[in-house]
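The structure under discussion appears below in the form of structure tokens.
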Amino acid sequence: MSITDAVITDAPSGGGVGDAVRAVCLRAREAARELATASGATKTAALLAVADALVAAADCIVAANAEDLYRGRAEGLVESLLDRLRFD
């Protein structure tokens with residue numbers, strides 16, 4: 001069973017994070033099926049689009065990471081977990 005299968009079948013439903021994760025996994029599965037048969041040029045274009053989106057969202061991603069670290073410290077996460085969470 002893949003991780004996507006596990007999330008889709010085992011995650012609790014009823015709204016919130018579980019449903020959001022399930023929806024992302026379903027979209028990822030659909031995209032994987034399409035990319036599996038796509039040409040090299042299409043795959044390259046998809047990767048470049050993802051890279052562009054990450055660059056465009058960099059400030060938001062870094063800010064969200066800072067918030068995650070702040071909340072983690074406030075909730076008493078051990079430093080080793082904060083290190084894994086931290087973007088360097």
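Each label was represented as a point 7 Å from its Cα along the Cα-to-Cβ direction; for Cys60 and Lys43 these points are 2.8 nm apart.
Test of the criteria: in the range 8-88, which trypsin sites (Lys or Arg not before Pro) are in a DSSP loop and have at most 13 other Cβ atoms within 10 angstrom of their Cβ? Filter output for the range 8-88: Arg86.
How about the range 21-88: which GluC sites (Glu not before Pro) there are in a DSSP loop, with at most 10 other Cβ atoms within 10 Å of their Cβ?
Filter output for the range 21-88: Glu75.
As a proxy for reagent exposure, Asp19, Asp52 were ordered by neighbouring Cβ count within 10 angstrom, fewest first; the result is Asp52, Asp19.
Only the coordinates and a few stated rules stand behind these numbers; no lab work does. Computed from a predicted structure; not experimentally measured. Here the Cβ is made from the backbone with ideal geometry for all residues, glycine too, and neighbour counts use every protein chain on show.
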